[in-house]
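Visitor: Once you've had a glance at the structure underneath, I'll fire off some questions.
The values are calculated or read from the model by the stated rules, or taken from the named source; none is laboratory data. This structure is a prediction, so every number in the text was calculated from the model and none was measured. Cβ placement follows ideal geometry from the backbone for every residue including glycine, while neighbour counts extend to all protein chains displayed. Side chains included, ligands, DNA and RNA excluded: accessible areas come from the protein's heavy atoms. Shrake-Rupley method; radii C 1.70, N 1.55, O 1.52, S 1.80 Å.
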Amino acid sequence: SRDYSAPVNFISAGLKKSAAEDMSEEDSDEDEKPVKQEEIPKEFVPKKLKTGGNFKPSQKGFVGGTKSFVDFGSWERHTKGIGQKLLQKMGYVPGRGLGKNAQGIINPIEAKQRKGKGAVGAYGSERTSQSLQDFPVVDSEEEAEEEFQKELSQWRKDPNGGKKKPKYSYKTVEELKAKGRINKQLSAPQKELSQVKVIDMTGREQKVYYSYSQISHKHNIPDDSPQQPLGKDSKPQGFALPELEHNLQLLIDITEQEIIQNDRQLQYERDMVVNLTHEIQKMSEVLSHEETAISNLSKVLEMVEECERRMQPSCENPLTLDECAKIFETLQDKYYEEYRMSDRVDLAVAIVYPLMKDYFKNWDPLKDCTYGTEIIAKWKSLLENDQLLSHSGQDLSTDAFHRLMWEIWMPYVRNIVAQWQPRNCGSMVDFLDSWVNVVPVWILDNILDQLIFPKLQKEVESWNPLTDTVPIHSWIHPWLPLMQARLEPLYSPIRNKLANALQKWHPSDSSAKLILQPWKDVFTPGSWEAFMVKNIVPKLGMCLNELIINPHQQHMDAFYWVIDWEGMISVSSLVGLLEKHFFPKWLQVLCSWLSNSPNYEEITKWYLGWKSMFSDQVLAHPSIKDKFNEALDIMNRAVSSSVGGYMQPGARENIAYLTHTERRKDFQYEAMQERREAENMAQRGIGMAASSVPMNFKDLIQTKAEEHNIVFMPVIGKRHEGKQLYTFGRIVIYIDRGVVFVQGEKTWVPTSLQSLIDMAK
């Protein structure tokens, strides 16, 4: 067995000298005397090298001894080196290691004697106490200082001496309250987790806990091993009291919970005080409101009782309708809420209805149609319910005014309508017009649908247009503003009766137009046009067939009879009559006249005379325009074909001028109509931007020509490559795909609109 407690012998790193040599060196150098540990200045003794090493300087041996610190660099005295001085200038303190924190080592290598001749490690670890593992890298000065103080406390005695004072942690009441508020806000899953049953089987015995938090509070029961008796020189060892600690911790927890619970109770009581304060204020307001309502209801009750007292027959001062209205106005103005909440229907039935019956007992609606409108309008504002149902869903049990009008006012109207003659419509229309803004809508509809319309329908059935002297429109049309579409069922029998009356009619009888004209705007456009085509247009065609065209002795009566219906029948129907029954005969007479050496001046007057018989709207129709242009072409051919025979002087020029003038008039009329249509569209707000811009390039040229007073018109019968030729002042042009072409010397040249205007000027 080896004695491992024996001291370790180290091998010196220097050369071994003899005693004589040592003595000679000591005599020669007085400064190199051996220094004892006690004589080393305190500032030169390192407290702790911040290298992690725990070695103590030893006085034995050269390496690692005290002499190593003191004699560091002493050999420099015999040389001229300045290394020691430079180190001191840079902050080096003799006796400490190099580096900012003195973490360097002076003797980095120590030799260790190995006992025996075994291999490395055969006799255990050969690491020295100053191996590189004892000098860890320090990240910062603060961490190094903290590590140094920690290691220093392990071997240095406490300067105060004695035991360490225990550290106590305190909790204030505010911290406990804050903790209680946080714990109170735990979510439901956390609360459920805190109440989980836990079985602990880690100890000798199985234990059951009812939350995970109880595991942290469990204490270890000390072993039952017998305690060693304290000897004479033995020191008392510290012992644990887990039961006492547990009880103390339990008392602390109970106290904390009581504090938290008291804080919660206090907060609850404060909230309750605030809530009760608000409730007191609210109940005070309610009480004040109820007292006011009771006072107002008492006053309303007094007024109603006063009205009932004055309604008695034995009362000397009976209540009138005007005074009753003032009482209701007072109720509505001063006691509005009570008035709206009260049962106005029963109140009005008991007080107002008897007065209203007495007010209208001698009333004749047809003689005095405005009687009672003002007083009824006043009662409408007093009694009508603001939330009245729709027209078709009236409810008399919820609205006092509607019940008043239906039960008091309506019987008088029924009696007067039963005695009324529909042909004397003026008085009845005036009566309903004066009451239309006062009577409820559904009552007015009932009067028109159930009382007025049956009377009118019966009268229309008995009407005969051939024998009755009073026109039917005189007693039907006044009802249009009131009844409007309700009269539609009457129009069909009226048209049938008129059609029967027109079977033997002749256009010379103007009375038919007087009877039909008022119905033009009443009937729908489709039904009116169908009626005209069936009953009027055939008669007018027969009249035109009977017309004889004689330039020398012309009778115009038949023509006037037809043209007089222009506003009654559509333009297309009138144009169809003229194309079929008038223009064939008229062109035939013109051709026969031109073939007999005519007087062209008379032909010109005859042509212009017939053309003046038609309105501008008819002349603007393309078919009529083509017929008159055909007549001009016939006259031009007649003038051009008379070669060798006698020709009236100036006839050709007159016909050419007539043609040019008439064509120019037609073109200007078309332009004016287009401009008028554009203005109408702009006034109606349709195409505002489009109305200010021409529809196409031709319209743009026409607009510019009018602005500069230049004649722009088509050349009749002249085309170039299928394109119509136009005269623009003195220039001949044509338009092709938005480009203006001007006739040059040999060919057509495109030009701009401004250049065209400059050339025309």
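Visitor: For a quick check of understanding: with a 1.4 angstrom probe and all protein chains in place, what accessible area in square angstrom does residue 407 have, to the nearest ten?
Guide: About 80 Å², rounded to the nearest 10.
Visitor: Arrange the residues 611, 334, 207 by how much accessible surface each exposes, largest first, with a 1.4 angstrom probe.
Guide: Final ranking, largest accessible area leading: 334, 207, 611.
Visitor: Can you put 416, 443 in order of accessible area, largest first, using a 1.4 Å probe?
Guide: Putting 416, 443 in descending order of accessible area: 416, 443.
Visitor: Solvent-accessible area of residue 429, probe 1.4 Å, all protein chains present, reported in Å² to the nearest ten, please.
Guide: 10
Visitor: Sticking with this structure for a sec: If contacts are Cα pairs under 8 angstrom and at least 6 residues apart, what is the relative contact order of the range 697-760 in percent?
Guide: 22
Visitor: When a/c reaches 1.5 or more, the comparison of a/b and b/c decides; with that in mind, is the range 563-617 rounded, prolate or oblate per its Cα gyration tensor?
Guide: Details: a/c = 4.42, a/b = 1.98, b/c = 2.23.
Judged from the Cα gyration tensor, the range 563-617 comes out oblate (a/c at least 1.5, b/c at or above a/b).
Visitor: Using a 1.4 Å probe and counting only protein heavy atoms, arrange 540, 248 so the residue with the most accessible area comes first.
Guide: I get 248, 540, largest accessible area first.
Visitor: What does the C-alpha gyration tensor say about the overall shape of the range 294-381? Classify as rounded when a/c is under 1.5, otherwise prolate if a/b is larger than b/c, or oblate.
Guide: The shape class here is oblate.
Visitor: Keeping all protein chains in the complex and leaving out DNA, RNA and ligands, what accessible area do you get for residue 467 with a 1.4 Å probe, in Å² to the nearest 10?
Guide: Looks like 90 Å² after rounding.
Visitor: Next question. Please give me, ordered by residue number, the GluC sites (Glu not before Pro) of the range 525-604 that lie in loop per DSSP and have at most 16 other Cβ atoms within 10 Å.
Guide: On the way: sites: 529, 546, 566, 579, 601, 602; in loops: 546, 566.
Answer in residue order: 546, 566.
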